[in-house]
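Below is one structure; the comments refer to it alone.
The values are calculated or read from the model by the stated rules, or taken from the named source; none is laboratory data. Keep in mind that this is a model prediction, so the values were computed, not measured. Because the Cβ atoms are built from the backbone with ideal geometry, glycine has one as well, and the counts that use them run over all protein chains shown. SASA here: full protein model, heavy atoms, side chains in, ligands and nucleic acids out. Shrake-Rupley method; radii C 1.70, N 1.55, O 1.52, S 1.80 Å.
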Amino acid sequence: QIQALHRVREAWVKHRTATANQIRGLLAEFGRILSPGLRHLRHLRREVALWQEQSRGTLGILNGLVDELLQYLSELEDRISK
């Protein structure tokens, strides 16, 4: 059971990394370059919020997608911390 727990947690960690990288990639396509690495997740959230504020009128669907990715990232962080 402990091994199963570790395997599932490891998968969640990989999903968290992939999701953060996906957010960075999407923003990079629109000219916003963010620092890599998980140590910068707070920075990632601040930068995304700033970018959304500055680009509010031009984001359209992308704004909702990024919000959903940030929500998923938060859910993964909660699971990992438990």
**Per-region count, segment 55-82, residues surrounded by fewer than 12 Cβ atoms within 10 Å (Cβ to Cβ), more than 21 Å from E10 (Cβ to Cβ) and either small (G, A, S) or modelled with pLDDT of 85 or more (or both)** = 6
**Message:** Here's a check for you: in segment 36-57, which residue that is over 11 Å from the mean Cα position of the chain (by Cα) and among the aliphatic types (A, V, I, L, M) is farthest from L73 (Cα to Cα)?
**Reply:** L50
**Prompt:** Restricting segment 20-40 to residues that are part of a helix (DSSP H, G or I) and at pLDDT below 80, which is most open to solvent (accessible area, probe 1.4 Å)?
**Reply:** R39
**Asked** Could you give every pair whose Cβ atoms fall below 7 Å, whose first residue belongs to segment 47-64 and is under 15 Å from I33 (Cβ atoms), and whose second residue is at pLDDT below 85, counting only separations of at least 6 or pairs across chains?
**Response** E47/R32; E47/L34; W51/R32
**Item:** Hits in segment 1-19 (condition: of a type in the set (A, V, I, L, M), more than 13 Å from Y72 (Cβ to Cβ) and open to solvent by 50 Å² or more (accessible area, probe 1.4 Å))
**Value:** I2, L5, V8
**Request:** Please work out if R45 is closer than 24 Å to R9 by Cα and open to solvent by 30 Å² or more (accessible area, probe 1.4 Å).
**Result:** yes
